[in-house]
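I have placed the structure first, in the form of structure tokens, so that the comments after it can refer back to it.
Derivation of every value follows stated rules applied to the coordinates shown; laboratory data play no part. Since this is a predicted model, take the numbers as computed values, not measurements. Cβ placement follows ideal geometry from the backbone for every residue including glycine, while neighbour counts extend to all protein chains displayed.
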Amino acid sequence: MKNKVTVSAPGKLMLFGEHAVIYGMPCIVTAVDQRIYAKVEKTDTNLIVVNAPSLGVKSYSVELSDLGRVDYPKEVRFVLKSVEIFFRKFKVKSGLIISTKSDFSSTFGFGSSSAVTVCTIKALSGIFDIQVDDKSLFDIAYKTVLQVQGVGSGFDLAAAIWGGTIYFVGGGKIIISLKIEKLPLVVGYTGIKADTASLVRKVGYFYKSNKKEIKLIFDAMKLIVESAKKDLVVGNYTRVGDLANINQGLLDSLGVNTKKLSDLILAARVAGATGAKLSGAGGGDCMIAFSPKSKKAIEKAIEAAGGKILSVKTSAPGVRIEQ
Ligand code: MEV
């Protein structure tokens, strides 16, 4: 048993299949080299203390006896729900100090909540010396995320745990690591924070009132993911670009595109990207462009259209113990 464990996990970018993955379809996600860190220390107190300076949280504390009985502030909800579920599942308990740190802003849509959930559970398994394999880690983290935000496929948890580039089916039914080292991606940030849960609900209402038509869109998204799975591995970026453009058109039909996303996506295409699409829930956050060539020109065009370039490496390693 250790008194102090630090764990890190990567953020993610959705490549293909967002929203459809909520309806049992596959998606493809890549882990990025921007990480979240959680240090968990055991204490002799009866308090769980959380420090999350990037979210403006300094020494927020909750009594052990209040875990699961009080509403946690949203900045610490994923961390405290992870602790609550871990303690209940493994019948352990201790005072803790948990400190989180991030390489990236929580507004980018890189999946900071999921990465911090994975880090917290992994660190607790080290603190209490409990073997938790990757699939069990996924299951506990997925339960945590569903309890906190009510919706989600869990694809971001899979990226945080396994890293690399992954073919994923909702709820973790299928998780396949794809043999891809680096993707020629340009990432543009809109400057607007999207609210994933409300966008997922919005698509849900749209689906309810247009079931037959939206079902066809999800089926087409599935086809795109299946094709992209092959074309990404062989590096056929002309075809990957076509698939990105088709996927973007379908996401637009679901009502999750915005003018700002469209501006950045069109700018990237005009500047030479083989294809470009939004990445994630839509409504803001990031867009991605595939660009084996003319990367600089695409970056400039995205900036001229009002976007911010986020420089990331893809297929980054998954969760790991740092200390
Ligand atoms: C959000 O990044 C991607 C969605 O498919 C939600 C999810 O899969 O959890 C919209």
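Descriptive notes on the structure:
- Farthest toward positive dipole pole in the stretch 109-265 [+1 Lys/Arg, -1 Asp/Glu at C-beta], among Gly204, Ile224, Tyr167: Gly204
- Distance in nm between pseudo-label sites at Val92 and Lys259 (7 Å out along the Cβ direction from Cα): 5.3 nm
- Anisotropy class of the stretch 232-323 from Cα gyration tensor, a/c 1.5 cut: rounded
- Reducing the stretch 144-208 and the stretch 272-323 to their Cα centroids gives an inter-centroid distance of 15 Å.
- Here the 3J(HN,Hα) profile of the stretch 213-228, calculated from phi with Karplus coefficients 6.51, -1.76 and 1.60 at θ = phi - 60°, is 5, 5, 4, 5, 5, 5, 4, 5, 5, 4, 4, 4, 5, 4, 5, 4 Hz, Gly and Pro shown as x.
- Gyration tensor analysis over the Cα atoms of the chain returns equivalent ellipsoid semi-axes of 35, 20, 18 Å (largest first, whole Å).
- On the basis of the beta-carbon distance and an R0 of 25 Å, Ala304 and Lys58 show a calculated FRET efficiency of 0.05.
- Against the main long axis of the alpha-carbon atoms of the chain, helix 112-127 sits at an angle near 40°.
- HN-Hα J in Hz across the stretch 90-100 - Karplus 6.51, -1.76, 1.60, θ = phi - 60°, x for Gly and Pro: 9, 6, 10, 6, 6, x, 9, 10, 10, 10, 10
- Cα gyration tensor category, rounded, prolate or oblate, for the stretch 115-258 with a/c compared to 1.5: oblate
- Cβ-based charge dipole, the stretch 201-323, positive-most Cα from Thr274, Ala297, Leu250: Leu250
- Length added when fully stretched, Lys215-Lys179, from 0.36 nm per residue minus Cα-Cα: 9.9 nm
- Along the chain, counting only GluC sites (Glu not before Pro) with a DSSP assignment other than H, G, I, E or B and at most 15 other Cβ atoms inside a 10 Å radius, the longest segment between sites is 1-180.
- Axis of helix 134-149 versus longest Cα principal axis of the chain: the two differ by about 90°, to the nearest ten degrees.
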